[in-house]
Amino acid sequence: MAILDPSAVHKAAVSWASEVLTSDNDYYYYYLGARILAAATALYIAGRVVYLLNFSPLSGIPGDRLSRLTMLRMKANALLGRLGDACEDDYYKYGDIYVAGPRGVVISNPADCRTVLGTHRFVKSEMYQHFALIDDTMFTTQSADLTHVRRRQVGPAFTHGHLSAMEPTILDCGIRSIRRKWDAMIDASETGAETIVPYSLHFSLTAFDIIGALGYGQRFDALSNSSSAQIVSWVNNYNRLALLGIVFGKMVNRFPLSLLLSTARLVESKDAFVAFGNAAADRRRREILGCEKPESEKPKDILQALLDAEDPESRVRMTQAQITAENIGFLIGGTDTTSLTLSWALHYLLLYPDVYRRAVSEVRGKFARDHTITYAEGKASLPYIDACIYEAMRIRSVSGVMLPRIVPEGGATFQGHYLPGGTQIGVNIAGANHHKETWDQPHRFMPERFLGDGEKTKQNVLTFSAGVRICPGRNLAHYEMMTILANILKDYDFALPADSLFGPDNVDALGYPVPMPRTHSLTVMPKYPERDCLVVISRAPESSFG
């Protein structure tokens with residue numbers, strides 16, 4: 001009985017020992033009570049260990065022994081930036097389902113992942129509340145009703161019609177800004193013909209410029225100034241505050257952790273971020289009221305869409321706090337995911353020269369040198385480049401690699417294992433995107449897997465989640481990624497620096513090029529971008545077109 005229910009034994013022993021310790025007996029009884037209490041605690045711990053290892057409902061599921069006893073391993077991986085590696089490695093080691101904590105499992109089979117993500121029955125875990133630093137959002141809420149309302153409110157902002165209206169801003173702050181920057185760097189170089197660019201940094205600053213213009217109605221010019229605007233620091237601090245909350249819980253705001261982790265400084269940064277968002281909304285309201293513009297002449301951007309958002313069913317509009325919270329969510333979700341996917345895409349293109357040459361040949365064979373390719377043109381005419389984007393999203397999923405949900409009351413069964421209600425179930429995006437039965441040669445960068453019956457294959461890429469919680473901004477991300485990647489491959493030749501550590505000739509045991517190391521905060525990024533994300537660029541020769 002002690003093994004099956006160690007907490008009952010511990011509770012009874014503690015109760016008896018407490019009576020002894022608080023009685024009027026002499027020192028002997030105090031000593032005896034303390035010994036009994038210590039023994040009961042040791043018995044409880046031993047019983048708990050035996051129970052979790054052998055009798056828990058999760059005991060038959062694969063996984064390491066430490067994870068059956070504590071979430072420490074997963075939290076350590078998250079804190080040390082190893083969660084991306086761990087999610088992928090654990091899938092290859094343990095398969096479609098494995099234990100990740102005393103009451104937690106991880107699933108990697110794409111069909112199982114879609115089952116969990118396809119319904120609100122599997123609610124989001126409390127972890128997401130650490131991101132609700134202002135108000136509940138589509139990303140943080142556990143409420144299906146709020147999700148439905150908010151998607152009806154903001155959904156129109158991300159339709160292809162509205163994105164097409166925003167495309168001039170996307171192009172000007174995106175590819176045209178990159179051209180201006182890179183052409184100026186080439187012209188200023190010693191040879192006037194080529195230069196080295198830190199592409200991951202430049203893609204990141206470009207993404208902030210795009211989302212900043214669309215979400216806040218102002219140009220940050222972060223790329224042109226080659227510096228991180230204040231908003232970049234705000235976003236990084238916001239993410240860090242949320243991540244620390246996930247790892248340390250409420251202790252993050254208590255001494256001494258609050259001092260060691262500089263929590264107060266992070267909170268001040270968050271408050272400044274919120275004030276900036278509120279001011280942007282107020283400024284736009286004044287501009288609209290002052291000019292009394294008709295509906296057709298209002299700015300076409302995310303900020304205006306949020307201000308005008310109204311649920312067509314309930315006629316409910318968002319409060320200022322909700323507008324700012326959603327806008328910050330779009331900024332955080334729409335910068336790293338886009339810029340990092342572009343970084344990984346270019347990195348893998350340079351690791352696989354045949355793929356790079358095919359992508360370049362496709363775009364230069366269909367568009368003139370002085371033409372700026374729009375999203376619609378790219379989707380219609382550049383299937384291989386589109387496939388390169390999807391393959392980059394698959395092989396290096398940059399969004400949250402682990403999406404935690406809660407098994408509903410009544411339980412659920414996955415891979416033949418019954419999971420009681422209340423079990424936390426992590427959707428392993430990295431594992432699903434490498435699933436050996438779904439993807440041929442999953443370690444290989446192979447864009448052609450998305451050609452032919454590619455549209456069906458694309459549904460197995462879970463980087464933007466799936467089902468009822470699929471990322472609402474995914475269409476915007478594709479606008480940015482297609483217009484930037486297609487145009488830079490058209491406009492420039494790329495080559496790795498001579499001292500690059502990672503190239504086509506540096507291969508692993510399977511014979512595939514070794515990718516640069518990654519780290520994970522809230523997204524999967526290059527671990528040493530200042531070293532590994534450098535590329536030599538030169539203008540594409542006229543002879544390469546047509």
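Could you look at region 178-303 and say what percent of its accessible area is carbon and sulfur, using a 1.4 Å probe and all protein chains? Numbers along the way, then the final one.
Values: 3360 of 6250 Å².
In region 178-303, the share of accessible area belonging to carbon and sulfur is 54 percent.
Per residue, what accessible area does region 482-535 have, given a 1.4 Å probe and all protein chains present, in Å²? Display every interim value, and only then the final one.
Details: 2240 Å² over 54 residues.
Normalised by residue count, the accessible surface of region 482-535 is 41 Å².
Give the carbon-plus-sulfur fraction of the accessible surface of region 116-164 in %, rounded to a whole number; probe 1.4 Å, heavy atoms of protein chains only.
Details: 1150 of 2040 Å².
Of the solvent-accessible surface of region 116-164, carbon and sulfur hold 57 percent.
Across region 266-282, in residue order, what do the Karplus-derived ³J(HN,Hα) couplings come to in whole Hz, using 6.51 cos²θ - 1.76 cosθ + 1.60 with θ = phi - 60° and x for Gly and Pro?
Running phi through 6.51 cos²θ - 1.76 cosθ + 1.60 with θ = phi - 60° gives 5, 5, 4, 5, 4, 5, 5, 4, 4, 4, 4, x, 5, 5, 4, 5, 4 Hz.
From Cα pairs below 8 angstrom and at least 6 apart in sequence, can you work out the relative contact order of region 304-397, rounded to a whole percent?
It rounds to 27 percent for region 304-397.
Answer with a single label: of [x] 46; [y] 40; [z] 36, which was calculated as percent of Cα pairs over 36 Å apart from the structure in view?
For percent of Cα pairs over 36 Å apart, the calculated option is [y].
What's the FRET efficiency of Ala46 with Leu257 using the Cβ-Cβ distance as r and R₀ = 35 Å, to the nearest 0.05?
On the way: r = 30 Å, r/R0 = 0.86.
After rounding to 0.05, the efficiency reads 0.70.
Roll a 1.4 Å probe over the protein heavy atoms and report the accessible area of Lys270 in Å², nearest 10.
Approximately 30 Å² of Lys270 is accessible to the 1.4 Å probe.
Expressed as a whole percentage, what fraction of the accessible surface of region 332-398 belongs to carbon and sulfur atoms when a 1.4 Å probe is rolled over the protein heavy atoms? Present the calculation step by step, with values, prior to reporting the outcome.
Working: 1020 of 1950 Å².
With neighbouring chains kept in place, the figure for region 332-398 is 52 percent.
Quick one: angle between helix 144-154 and the longest Cα principal axis of the chain, in degrees between 0 and 90, rounded to 10, please.
Once rounded, one gets 20 degrees.
Could you tell me how many degrees, from 0 to 90 and to the nearest 10, lie between the Cα long axis of helix 83-94 and the main elongation axis, the longest principal axis, of the Cα atoms of the chain?
Helix 83-94 sits roughly 70 degrees off the main axis of the chain.
Calculate one ³J(HN,Hα) per residue across region 109-119 by plugging θ = phi - 60° into the Karplus curve 6.51 cos²θ - 1.76 cosθ + 1.60, and present them in order as whole Hz with x for glycine and proline.
5, x, 5, 5, 4, 5, 4, 5, 6, x, 8
So for the chain: antiparallel DSSP bridges make up what percent, rounded to the nearest 5? Let's see the in-between values first.
Working: 28 of 32 bridges.
Antiparallel: roughly 90 percent of the beta bridges in the chain.
What is the Å³ per residue value for the convex hull set by the Cα atoms of region 153-207? The partial results should precede the final answer.
Working: hull volume 4.6 nm³, N = 55.
Per-residue hull volume (Cα only) is 84 Å³.
Between Ser538 and residues 5 or more places away or on another chain, which pairs have amide H atoms under 5 Å apart, with H built 1.01 Å from N, and which residues are they?
Asp493
Just to make sure I understand: if all protein chains stay in place, what is the order of Glu362, Glu437, Glu391 by accessible area at 1.4 Å, largest first?
Values: Glu362 30, Glu437 165, Glu391 0 Å².
Heavy-atom accessible area, descending, gives Glu437, Glu362, Glu391.
Using unit Cβ charges (K, R positive; D, E negative) and no other charged atoms, how large, in debye to the nearest 20, is the dipole of region 438-546 about its Cα centre? Let's see the in-between values first.
On the way: 11 positive and 13 negative charges, 101 e Å.
Here the size comes out at about 480 debye.
Using the Cα centre of the chain as the reference point, and only Cβ charges (+1 on K/R, -1 on D/E), how large is the resulting charge dipole? Debye, rounded to the nearest 20. Don't skip to the end; give the middle numbers.
Working: 56 positive and 58 negative charges, 153 e Å.
Approximately 740 debye in magnitude.
Using just the helices of the chain, give the 222 nm mean residue ellipticity in deg cm²/dmol: DSSP H runs with n ≥ 4 each add -39,500 (n - 2.57), and the total is spread over all residues, rounded to 500. Show your work: numbers first, answer last.
Working: 22 runs with 286 residues, N = 546.
About -16500 deg cm²/dmol.
Give the distance, in whole Å, between the Cα centre of region 296-333 and the Cα centre of region 44-113.
39 Å
Taking the alpha-carbon centroid of each part, what is the distance from region 197-239 to region 269-292 in angstrom?
Between the Cα centres of region 197-239 and region 269-292 lies a distance of 19 Å.
Across region 442-449, in residue order, what do the Karplus-derived ³J(HN,Hα) couplings come to in whole Hz, using 6.51 cos²θ - 1.76 cosθ + 1.60 with θ = phi - 60° and x for Gly and Pro?
After applying 6.51 cos²θ - 1.76 cosθ + 1.60, I find x, 7, 9, 7, 9, x, 4, 5 Hz.
Which of rounded, prolate or oblate describes region 220-333 when judged by the alpha-carbon gyration tensor and an a/c cut-off of 1.5? Kindly include the intermediate steps, with their values, before the conclusion.
Details: a/c = 2.85, a/b = 1.76, b/c = 1.62.
Prolate is the answer for region 220-333, as a/c is 1.5 or above and a/b outweighs b/c.
What whole-number distance in Å separates the alpha-carbon centres of region 394-410 and region 499-546?
27 Å
Tell me whether region 62-165 comes out rounded, prolate or oblate; compute the Cα gyration tensor, take square roots of the eigenvalues as a ≥ b ≥ c, and use a/c under 1.5 as the rounded threshold. Mind dumping the intermediate values first?
Numbers: a/c = 2.18, a/b = 1.92, b/c = 1.14.
Since a/c reaches 1.5 and a/b is larger than b/c, the shape of region 62-165 is classed as prolate.
Leaving ligands, DNA and RNA out of it, work out the accessible area of Lys527 with a 1.4 Å probe and give it in Å² to the nearest 10.
It works out to around 100 Å².
Could you state how much accessible area Cys471 has, in square angstrom rounded to the nearest 10, with a 1.4 Å probe and all protein chains kept in place?
Ignoring ligands and nucleic acids, Cys471 comes out at about 40 Å².
If you bin the C-alpha pair distances of region 464-546 every 5 Å from 0, what whole percents do you get?
With 5 Å bins starting at 0, P(r) equals 3, 11, 12, 15, 20, 17, 12, 7, 2, 0.
Hey, can you grab everything whose amide H is under 5 Å from the amide H of Glu310? Only 5+ residues off in sequence or another chain; H modelled, so Pro and N-termini drop out.
none
Can you pull a Stokes-Einstein diffusion coefficient for region 115-196 at 37 °C (0.692 mPa s), Rh from Kirkwood over Cα pairs, as a whole number of µm²/s? Write down the numbers at each step before the final one.
On the way: Rh = 16.8 Å.
Answer from the Stokes-Einstein relation: 195 µm²/s.
Return an integer: the convex hull volume of the alpha-carbon atoms of region 373-468, in Å³ per residue. Please report the intermediate quantities before stating the final value.
On the way: hull volume 11.7 nm³, N = 96.
Hull volume normalised by residue count: 122 Å³.
Take the alpha carbon gyration tensor of region 175-270, find the square roots of its eigenvalues, order them as a ≥ b ≥ c, and report rounded if a/c is under 1.5; if not, report prolate when a/b exceeds b/c, else oblate. If you can, show how the numbers build up before the last one.
Numbers: a/c = 3.82, a/b = 2.43, b/c = 1.57.
Verdict is prolate for region 175-270.
The values are calculated or read from the model by the stated rules, or taken from the named source; none is laboratory data. Keep in mind that this is a model prediction, so the values were computed, not measured. Counting neighbours? That spans all protein chains shown, and the Cβs are built from the backbone with ideal geometry, glycine included. Only protein heavy atoms, including side chains, enter the accessible area calculation; ligands, DNA and RNA are left aside. Shrake-Rupley method; radii C 1.70, N 1.55, O 1.52, S 1.80 Å.
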